[in-house]
Structures are given as C-alpha cells and as structure tokens.
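Step one of this worksheet: look at the structure below.
The values are calculated or read from the model by the stated rules, or taken from the named source; none is laboratory data. None of the values given here were measured: they were computed from a predicted structure. Quick reminder, even Gly has a Cβ in these numbers, built from the backbone with ideal geometry, and neighbours come from all protein chains shown. With ligands, DNA and RNA removed, areas are computed over all heavy atoms of the protein, side chains included. Shrake-Rupley method; radii C 1.70, N 1.55, O 1.52, S 1.80 Å.
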Amino acid sequence: MSVPLISQFSVSHGTFTAFIAPTEVLTQAPELFLRKEQGLILYLCGNYPIILPDLFRFSERFVVRRALTAFQILTILDDAYQSFIIIEHDRSLFEERADLLPIIGHRCKEHAARSTGVLLLTPYADTYIQALEPFFHRIILYRTINEKPGRKMKKTPSRQLTLEV
C-alpha cells in the first residue's frame, strides 16, 4: 500500500465499515487509524486471530474479547462500553448459526450509531460477509495489483510441417 493511500485511511464516526484487504494491509491501515483514535477500543476476534498479533503496540488501549460462537459475539456486543469496536472476521464462528448474521449486523450498526464506530476486518469476502452487506454503511475493498512485468514467452518456430499426400 502506498504511503499517501495508507495515510488517508479513516473510518467515519458513527458508521459500520467493512475493510476487505490482504492481511498485510489489514494490519497497516488500522494501525494508522488507531494512532488518531482516542478512547478505549474493543477488539473482537475468534480463537485464532491473524491480525491482532501485529497490533500489539496499542494493547494498552485495547480490550480483547474472543468469541467461539455467534452467540458469544452477540453477548460481547451487548456488553460493549468501548467507544470503538474492531471485529476480525472469523468465518468458523458462523458455520453452525449463519441465521444470526442479520442480528449481529443490526447490533453492530446500532453500536456504531451511538459511538465512534465499528470496523470489520477481513482478508476476503465470503458468503457471511455478503449476508452482513445490508448493514454496512461503507465497504472498503483494497486489492493489490502486481506491477511485475509478465514473463514473455519466446516465439519458437513451429516444428509442424505441411502434410504431403
């Protein structure tokens, strides 16, 4: 991610935002946002977070809660008192109870409206993210484009000869 684009990353106050990007970008952009954001932050993740270990510098402002089921996500969202929530998407939490996704989306949207906001981080969009789509205020999709020149194939002369009868 280029420096100008990273420095422009922000989440509007009072919004439920999804940020879909490669893992290395998911750790860089929120880090800049967290430097600007004041107050306590709830980091909600599954049992095996990928992004959280790279955000350890902000641990004094973090309250980390781990959910093992979709029901636990609802409980954590109901008890949240922090001004901002970051959710690291873990698809394994919804495999058994995908029917709870609209309720979770609605609770995230409600929490965002009465606080600073909610940011969902995911390296790719899946069917669970699509189910949450109606509840997002904003979706930021970041894709890297490889600028490496493609390997050009040499044209080799054909060995095929004409058929003679």
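Taking a ≥ b ≥ c as the square roots of the Cα gyration tensor eigenvalues, with a/c under 1.5 meaning rounded and otherwise prolate when a/b beats b/c, else oblate, which class fits region 80-144? Note, shape of region 80-144 comes out oblate. Using a probe of 1.4 Å on the protein chains alone, the accessible area found for HIS13 is around 140 Å².
Full extension of the chain between ARG138 and ASP99 yields a length gain of 11.8 nm, computed as 0.36 nm times the residue separation minus the alpha carbon distance. Return the FRET efficiency for the residue pair SER83, HIS106: r is the Cβ-Cβ distance, R0 is 25 Å, and the value is rounded to the nearest 0.05. So the FRET efficiency works out to roughly 0.80. Given R0 = 22 Å, the distance between the Cβ atoms of LYS36 and ARG66 translates into a calculated FRET efficiency of 0.30. Find out how many positive minus negative residues lie around GLY46, taking Lys and Arg as positive, Asp and Glu as negative, among other residues whose Cβ is under 15 Å from that of GLY46. With Lys, Arg at +1 and Asp, Glu at -1, the net is -1.
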